[in-house]
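*Asks:* Have a look at the structure that comes next, please.
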Amino acid sequence: MSHSFSTPWISSRTVDKAVHKCIPTQLSNYDLIQRCQSQRRPDKAAFAELVKRYQSYVERLLYHLAPDWSDRADLSQEVWIRVYRNLNKLQELGRFKSWLGRITTNLFYDELRKRKRHQAPLSLDAPRILDDGELDWEVPSDTPNPVDNLMTQEFYGQLKQAIAALPEVFRTTIVLREIQGLSYEEIADITGVSLGTVKSRIARARHRLQEDLTLYLKTDTLA
């Protein structure tokens, strides 16, 4: 079907014929993207499979960036509309996930500017500040007793306030680093800033969180 066309645009891309013969679910992520790029508009079946594979990633990222926005489903659809329109511009197919993350993050920034208000912070599970300044977001497997549970809830509330007080750029980099687990290089790629800027923002965000949470813990101990 699509491979029967003979145009200069299509011939400029070298696409393995076997890729076209395989059903989308049998293709690797790389071949799937390659198949989507083999026409002026992405192959519908291939694009649907691409959405299926990466939809949860988009939803998680939007959730962490804007947990209280009721229209995240609409934003997710807008992300995929942008992907559909711009997929042929992607040169490095192996970096699709970073590219998708950038589109999602940019959409979030666009919407945030439109709303002109600071959104509520992330929904995180009782992280601990480690000695090296890293944040540990893992929840202990043991069932907490009522006192521990209350302390966790109180700490969680303080954490939400601390993150809410962070400037937007700091909050976003913390999400990408601590929640998405991205490298500094990937964050720089997604946000479009230098590697040094990313490291600086994350360090400053961690420092501010440490100060706020340490003050809370000291106050709580004195009480």
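*Asks:* Name the residue, out of 84, 54, that is outside the structural domain of residue 186 (by TED's automatic domain parsing) and either over 23 Å from residue 23 (Cβ atoms) or within 16 Å of the chain's Cα centre (by Cα) (or both).
*Replies:* 54
*Asks:* Any idea how many residues of the range 43-91 are of a type in the set (Gly, Ala, Ser) and either in contact (Cβ under 8 Å) with a residue 60 or more places away in the chain or under 19 Å from residue 189 (Cα atoms) (or both)?
*Replies:* Adding up the residues that qualify gives 0.
*Asks:* Residue under question is residue 38, and the condition is that it be surrounded by 15 or more Cβ atoms within 10 Å (Cβ to Cβ), among the small types (Gly, Ala, Ser) and modelled with pLDDT of 90 or more; does it hold?
*Replies:* So residue 38 fails the test.
*Asks:* Consider residue 47 carefully, then state whether it is at pLDDT 55 or above and of a type in the set (Phe, Trp, Tyr).
*Replies:* Judged against the criteria, residue 47 is a match.
The values are calculated or read from the model by the stated rules, or taken from the named source; none is laboratory data. The structure presented is a predicted model; accordingly, all values stated were derived computationally and were not measured. In this analysis, Cβ positions are derived from the backbone assuming ideal geometry, glycine residues included, and neighbour counts consider all displayed protein chains.
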